[in-house]
Every structure is written in structure tokens, then in C-alpha cells.
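Below is a structure I'd like to ask you about.
The values are calculated or read from the model by the stated rules, or taken from the named source; none is laboratory data. As the structure is a computational prediction, the values presented were derived from the model and not from experiment. Positions of Cβ are backbone-derived with ideal geometry, glycine not excepted, and every protein chain shown enters the neighbour counts.
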Amino acid sequence: MTEQIQEIKKKLKHKLDKERYQHTLGVMYTASCLAMAHGADMEQAMLAGLLHDCAKCIPNTEKVKLCEKHHLDISHVERENPFLLHSRLGAFLAKSEYGVEDLTILHAIEVHTTGEENMSLLDKIIFVADYIEPHRNKAPNLTEIRNLAFHNLDEAVLRILYDTLHYLNQKKGAIDKKTQETYEYYQKLLDK
């Protein structure tokens, strides 16, 4: 493991609560396994996985203030549900506080919550790793999605989006339109 990853792990251990830190390590290792399985760069996957939730434990009001201070866009849904800002703010912090310059890594962090149309391989790896890492156990269909993740990332992305939208609709939760658009994109892509 690189020195940069070791240093970031030390910093994050003090910034994240215990459960979030364990989840973060789970995503980092799962992302590295998915990178091996799909021919992606393992170090990029590990860095993106390690930093994907670096802004998660910042209080929501502070997330909004930091986004405004640094001129980061805040959508209507994010303003009403500021916990969603952790991905955009996390990409900013990955660069400004943790020294990550790789735009591919920063983008994967930024889209790991909602996804987006035509995601890169690393984007999909982080999106999926966040959902299937070993500490996750409450989502439906995890066994099937974990299997899919190592055989067909696009199918895994689609299943995660479907299950997420279904869950949010059932509990009448806010749905970011980007999540819906991502689902529709991958549904069309896989129908072809």
C-alpha cells in the first residue's frame, strides 16, 4: 500500500466516526478487488474508495456552509437534504485537504452517491463498492448484486439504482433527479 494511502488512513481515522471509518476501509478494499476483476487501476480505486466519504461526518449545516464558501453547486434537493452534499464536498476535500490531483479519482468520489450517465469504469467501481462492501447488510438482493459486481458492473449499477429508487419511493424519501436519470440511462443501455 502506498505511503499516500497510509497517511490518508491515519487522517481519516480521526475525522470519521468508528462505523464510517470501518465502512470506508471496506469500500477501499472492495474497490481494489473490483479493480482487479475489471482491469482498472488498483491504486486509483483504493484512493477513491478511501476518500469517498471523507466529508460524511461533517454536520449538515457545515456541509452547506463549506459548499457555499468554496462556490460548490447545491441543487434544490441537496439544499433540502444536505447529507447528499458529502460526495461533492468530499471530492473538493480530497483535492484540497488530502492532495489528490487525479481528476478520475475526484470524479468517482463526486458521483458515488447518485451515479450519472455514462460513468467511467472507476466511477462504477466506487458506486458499486460503496453499496456492496462487507459491512453492508441491510440492502435487499446483496448476494445477487455482489455476484453481479464481479461479472457485469453495468448490471450491478442498474440493480443498485433500481433497489435504491424502490426504497426511496417506499419511504417517500427525496430522490435526486440525477439518480433517476442514471437509472433510466443504464436501463436503456442494457435493453439494447
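Residues that are in contact with a Phe, Trp or Tyr (Cβ under 7 Å, 6 or more places away or on another chain): which helices (runs of 4 or more DSSP H) entirely in segment 2-59 hold 3 or more of them? Outline the logic, then answer.
Details: elements: 3-15, 18-38, 42-51.
Answer list for segment 2-59: 3-15.
Report, ordered by the first and then the second residue, all pairs with beta carbons closer than 8 Å, sequence separation of six or more or different chains, a first member in segment 1-28 that is free of Cβ contacts under 8 Å to residues at least 12 places away in the same chain, and a second member that is assigned to a helix (DSSP H, G or I) and surrounded by fewer than 15 Cβ atoms within 10 Å (Cβ to Cβ).
Filtered contacts from segment 1-28: Y21/K13.
I would also like to ask the following. Starting from residues that are in a helix (DSSP H, G or I) and among the polar types (S, T, N, Q), keep the ones in segment 60-98 and report whichever is nearest to the chain's Cα centre (by Cα).
Filtering segment 60-98 down to residues in a helix (DSSP H, G or I) leaves 60-69, 76-80, 82-96.
From what's left, among the polar types (S, T, N, Q): 60-61, 87, 96.
Working: N60: 18, T61: 21, S87: 7, S96: 18 Å.
Checking each candidate, the answer is S87.
Kindly indicate the residue of segment 36-51 that is farther than 11 Å from A108 by Cβ and not charged (D, E, K, R) and also surrounded by the most Cβ atoms within 10 Å (Cβ to Cβ) among those meeting that condition.
Of everything passing the filter in segment 36-51, L50 is surrounded by the most Cβ atoms within 10 Å (Cβ to Cβ).
Hey, another quick one. Scanning for something of a type outside the set (F, W, Y), touching a Phe, Trp or Tyr at 6+ places or on another chain (Cβ under 9 Å), at pLDDT 90 or above and surrounded by fewer than 17 Cβ atoms within 10 Å (Cβ to Cβ), does segment 167-178 turn up at least one residue?
Here is the first cut: in segment 167-178, the residues of a type outside the set (F, W, Y) are 168-178.
In the following step, the residues that additionally are touching a Phe, Trp or Tyr at 6+ places or on another chain (Cβ under 9 Å) were identified as 173.
If we keep only those that are at pLDDT 90 or above as well, we get none.
No, segment 167-178 has no match at all.
Could you look through segment 126-153, keep only residues that are at pLDDT below 95 and closer than 20 Å to L84 by Cβ, and pick out the one that is surrounded by the most Cβ atoms within 10 Å (Cβ to Cβ)?
Filtering first and then ranking leaves R136.
Checking T179 against (1) in a loop (DSSP other than H, G, I, E, B); (2) touching a Leu at 6+ places or on another chain (Cβ under 7 Å), which test does it fail?
Against the list (1) in a loop (DSSP other than H, G, I, E, B); (2) touching a Leu at 6+ places or on another chain (Cβ under 7 Å), T179 comes up short only on (1).
Report whether or not E97 is at pLDDT 95 or above and in contact with a Phe, Trp or Tyr (Cβ under 9 Å, 6 or more places away or on another chain). Walk me through how you get there before you give the answer.
On the way: at pLDDT 95 or above: yes; in contact with a Phe, Trp or Tyr (Cβ under 9 Å, 6 or more places away or on another chain): no.
In short, no.
Residues of segment 100-124 being of a type outside the set (A, V, I, L, M, F, W, C) and either in a loop (DSSP other than H, G, I, E, B) or at pLDDT below 95 (or both), which ones?
Of all residues in segment 100-124, those of a type outside the set (A, V, I, L, M, F, W, C) come to 101-102, 104, 107, 110, 112-118, 120, 123-124.
Of everything in segment 100-124, those that are of a type outside the set (A, V, I, L, M, F, W, C) and either in a loop (DSSP other than H, G, I, E, B) or at pLDDT below 95 (or both) turn out to be E101, D102, H112, T113, T114, G115, E116, E117, N118, S120.
Here's another thing I want to ask about it. Among residues belonging to segment 73-125 that are surrounded by fewer than 20 Cβ atoms within 10 Å (Cβ to Cβ) and hydroxyl-bearing (S, T, Y), point out the one that is farthest from H52 (Cα to Cα).
If we take residues in segment 73-125 being surrounded by fewer than 20 Cβ atoms within 10 Å (Cβ to Cβ) and hydroxyl-bearing (S, T, Y), then S75 is farthest from H52 (Cα to Cα).
Now a separate question. If a residue has to be free of Cβ contacts under 8 Å to residues at least 24 places away in the same chain and of a type in the set (D, E) to count, how many in segment 46-71 make the cut?
Looking only at that region, the number is 2.
Here are D102, D130, D154: which of them is among the charged types (D, E, K, R) and either over 19 Å from A35 (Cβ atoms) or under 9 Å from the mean Cα position of the chain (by Cα) (or both)?
On the way: D102 fails: either over 19 Å from A35 (Cβ atoms) or under 9 Å from the mean Cα position of the chain (by Cα) (or both); D154 fails: either over 19 Å from A35 (Cβ atoms) or under 9 Å from the mean Cα position of the chain (by Cα) (or both).
Just a single option satisfies the conditions, and that option is D130.
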